[in-house]
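Q: Below are the structure tokens for one structure; questions will follow.
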Amino acid sequence: MAPPRSFIITCILILTISANTFAFYLPGVAPRDYREGDEVEVHVNSLTPMMGPATQQLKSVIPYDYYYKPFHFCQPKELKSQPESLGSILFGDRIFSSAYVLKMKVDEKCKLLCNQTVPPEDAKFINQRIRENYAINWLIDGLPAASKKLDAKTHTNFNSIGFELGDQTAEPSLNNHYDITIQYHTQDKNKYRVVGVIVKPFSRKYDATLFSQKDENKDCNSVINRLVLSETNSNEVFYTYDISWVSSSTAWATRWDSYLHTFDPRIHWFSLVNSIVIVLFLTGMVAMILLRALHKDISRYNQIEDKEDVQEDFGWKLVHGDVFRPPVNVMLLSVFLGSGAQLFFMTAVTLVFAVLGFLSPSNRGSLATVMIIFYMLFGSVAGYVSARVYKMFNGDSWKKNVFLTAFLFPSLIFAIFVVLNFFLVSAKSSGAVPATTLLAIIGLWFLISVPLCFIGSFFGFRKPKIEHPVRTNQIPRQIPDQVFYLRPIPSMLMGGVLPFGAIFIELYFIMNSIWGNKVYYLFGFAALVFIILTITCSEVTILLCYFHLCAEDYHWSWRAFLTSGASGLYIFIYSIMYFATRLQITSLTSTVIYFGWSGVMSLMFFVLTGTIGYFACLAFIRRIFMSIKVD
């Protein structure tokens, strides 16, 4: 049943307001008040690659555990891991306690953390990570430690999450001194909240005698020589830090604003205008067909039926006896459509929650967690839709349909996920998902998604069969030769371009967020682009479907699915271009991880958009054949 118009208008208004205000989020966690002298905990997270400062290109996609042995970072006496969400674990977060001691409003100067001996083989490993622009990630009061950056286009400062492991200006040098500036906001008398964390890393080659003296006035900044790790001899490394507390007028509720920086916001508006122009163009084309050509066709067909003279059918009415003929591989088609409907509802509901501000960036991994939960819950939609479509085309192997809907598409994604996880395990990356998490995902799948899929299929098969408006002939009609642009592959490639064209600019920002360790928060834009994508897929499929029917080609089912689904192919081609222009990856593991996840994203997009196109085409065909009189 279609939703009421008032609901649709309300949703569009909410999305438009969110897009215009760029970002809106609820704080997500309760604030913590500190008194002067209270300890403020510092947690450490995985080291992640970041864009190069000069080339703005990424050289790796593999995260590493902060306490991975070759790094030789200082460990606390009692190492504690922090609880993390499912999405946080899947994205490679590994959060632990640290040896740093911070006390509210207590400044420190050149404080020694520890000293470590780094052997040559580990020095080689560290130097390679410095060349790949790896960043250190801390969390202080749930807020990421950041480095100040300047946006060259807008000339504004912003906080970039993480800070450099080392400097590679001339040769790789390890940053072993950290100048930590913590901004606090005064709530009440002797009550303070952390609202900003800025870290400036430096490379310092210390003399051991500097720390053998008990001099409280020693200055680490007086050391000007950089620490270059030797790859032939052992290295003595001293880790030090300064702490400065600075009062700030920033309220706790808006402390994330400096992290949520928009790089050239005009591009987002250009993306939106570009998408709207494509939709208007397609809407004009479809309106011309529906209001002019199709209206004339229906009127002419019905006038002919009213006359007593026997006249031969022509145009798309010729295929009325074959248009609802079951397609080949109807089982596979119905399973894909069920999975596509599941993805559609998951995406739509997740975007609604994001637009309303429930997915705060302070809740690490909340977006991925919510998407997984909704995907599991909408297993019932997959079962119901698959059953309805399969029954509509007189399918009789209902047990096989239920089984494949519950397991085929999820098994394919999970198999790719497991293979990629083996590559991460071989690279000793923190991105490798632990066995317990894999078991938790399997448990969610078998205990929630699969039973809900079975329940959905049960109700789908119990419902009466969807009756077609016209009867299907026993003998299939011969299809005449088609012109080049209406043949399967050319028409699919043409149809996939427009949906991809409606989203490709926003796709660039999403790719930067996934691979460039940036926070994506413009969910208002994303929601509007998703609505535009849905409209574009529907209209382009209806347009090409009409042309095929006029050419007496009634094989529309798979054609409709593949036409709009072809946009997934363009997304994979775009990921290849992104790899060639924005990445400088040379390792096999990083390459496999990148193209593996790009393939998963393209496959899911293919099924999602294909489903949108199919149901739009089905509704269109049912409508036009219900409008004519057929013997």
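The values are calculated or read from the model by the stated rules, or taken from the named source; none is laboratory data. Since this is a predicted model, take the numbers as computed values, not measurements. Note: ideal-geometry Cβ built from the backbone for every residue, glycine included; neighbour counts use all protein chains shown. Only protein heavy atoms, including side chains, enter the accessible area calculation; ligands, DNA and RNA are left aside. Shrake-Rupley method; radii C 1.70, N 1.55, O 1.52, S 1.80 Å.
Q: For the range 404-547, count all C-alpha to C-alpha pairs, find those more than 28 Å apart, and express that count as a whole percent of the total.
A: Tail fraction, whole percent: 56.
Q: At R0 = 35 Å, how high is the FRET efficiency between S513 and V483 if r is their beta carbon distance? Nearest 0.05 is fine.
A: 0.25
Q: Also, quick follow-up: Could you calculate the FRET efficiency of Q474 with W398 from 1/(1 + (r/R0)^6), where r is the beta carbon distance between them and R0 is 25 Å, rounded to 0.05?
A: 0.55
Q: If you build the Cα gyration tensor of the range 344-398 and take the root of 5 times each eigenvalue, what three semi-axes come out, in whole angstrom, biggest first? Numbers along the way, then the final one.
A: Values: eigenvalues 217, 21, 5 Å².
They are 33, 10, 5 Å, listed from largest to smallest.
Q: Please express the shape of the range 328-467 as an equivalent ellipsoid: the semi-axes are the square roots of 5 times the eigenvalues of the C-alpha gyration tensor, given largest first in whole angstrom.
A: Semi-axes, largest first: 31, 19, 12 Å.
Q: For F96, tell me the accessible area in Å² from a 1.4 Å probe, rounded to the nearest 10.
A: 40 Å²
Q: Which parts of the range 545-564 would a label at I466 reach, counting a residue when its backbone N lies under 15 Å from a point 7 Å out along Cα-to-Cβ?
A: Within reach of a label on I466, which here means backbone N under 15 Å from a point 7 Å along Cα→Cβ, the range 545-564 contributes 556-561.
Q: Between V349 and F458, what is the label-to-label distance in nm when each label sits 7 Å out along the Cα-to-Cβ direction?
A: According to this spin-label approximation, the distance is 1.9 nm.
Q: Could you list, in their original order, any pairs among K111/K205; K149/K428; K149/K189 whose Cα atoms are separated by more than 23 Å? Display every interim value, and only then the final one.
A: On the way: K111/K205 15 Å; K149/K428 31 Å; K149/K189 33 Å.
From the list (K111/K205; K149/K428; K149/K189), the Cα-Cα distance tops 23 Å for K149/K428; K149/K189.
Q: Let me ask something else about it. Over the Cα atoms of the range 131-172, Rg to Rh with Kirkwood Rh, two decimal places?
A: Reported Rg/Rh (Cα atoms, Kirkwood Rh): 1.05.
Q: Taking a label point 7 Å from the Cα of K103 along the Cα→Cβ vector, which residues of the range 164-206 have an amide N closer than 19 Å to it?
A: Inside the label zone: 180-184, 190-194.
Q: Kirkwood Rh and Cα-based Rg: tell me the resulting Rg over Rh for the range 38-259, rounded to two decimals. Spell out each step's value before the answer.
A: Details: Rg = 17.6 Å, Rh = 18.4 Å.
Ratio value, two decimals: 0.95.
Q: While we're on this one: Counting pairs of Cα atoms in the range 136-283, how many percent are more than 22 Å apart?
A: The calculated P(r) of the range 136-283 puts 58 percent of pairs beyond 22 Å.
Q: Could you work out the pair-distance distribution P(r) of the chain from its alpha-carbon pairs, with 10 angstrom bin width and percents rounded to whole numbers?
A: Percent of pairs per bin, in order: 3, 14, 22, 22, 16, 11, 7, 4, 2, 0, 0, 0.
Q: Moving on to the next point. For I267 and F417, FRET efficiency with R0 = 30 Å and r from the beta-carbon atoms, rounded to 0.05?
A: 0.40
Q: Might you work out the accessible area of K428 for me, using a 1.4 Å probe with all protein chains in place, and round it to the nearest 10 Å²?
A: Here the accessible area works out near 130 Å².
Q: Indicate the helices, whole DSSP H runs only, in the chain that combine a mean Kyte-Doolittle hydropathy of 0.0 or more with a Cα extent along their long axis of 27 angstrom or more.
A: 265-288, 330-355, 398-426, 488-515, 523-550, 588-626
Q: Additional query: Note down the nm distance, to one decimal, between modelled labels 7 Å out along Cα→Cβ at I276 and at F358.
A: Between I276 and F358, the label points sit 2.8 nm apart.
Q: Using only the heavy atoms of the protein chains and a 1.4 Å probe, how would Y614, Y521 rank by accessible area, largest first? Could the numbers behind the result be given before it?
A: Numbers: Y614 0, Y521 30 Å².
The ranking, largest first, comes out as Y521, Y614.
Q: How would K218, K205 rank on accessible area, largest to smallest, probe 1.4 Å?
A: Solvent-accessible surface, decreasing: K205, K218.
Q: What Kirkwood Rh does the range 501-631 have if only Cα atoms enter the pairwise 1/r average? Answer in Å.
A: 16.6 Å
Q: Give the carbon-plus-sulfur fraction of the accessible surface of the chain in %, rounded to a whole number; probe 1.4 Å, heavy atoms of protein chains only.
A: With neighbouring chains kept in place, the figure for the chain is 62 percent.
Q: Taking 23 Å as the cut-off for C-alpha to C-alpha distance, list the pairs among K148/K518; K80/K200; K105/K218; K124/K518; K103/K200 that go past it.
A: Too far apart for the 23 Å limit: K80/K200; K124/K518.
Q: Roughly speaking, what is the stretch gain from Q82 to N225, that is 0.36 nm per residue apart minus the C-alpha to C-alpha distance, in nm to one decimal?
A: This chain segment gains 47.8 nm when fully extended.
Q: Still on this model: Probe 1.4 Å, all protein chains in place: accessible area of D188 in Å², nearest 10?
A: So the heavy atoms of D188 present about 90 Å² to solvent.
Q: Please compute the contact order of the chain in relative form: average sequence separation of alpha-carbon pairs under 8 Å and at least six residues apart, divided by the residue count, as a percent.
A: 19 percent
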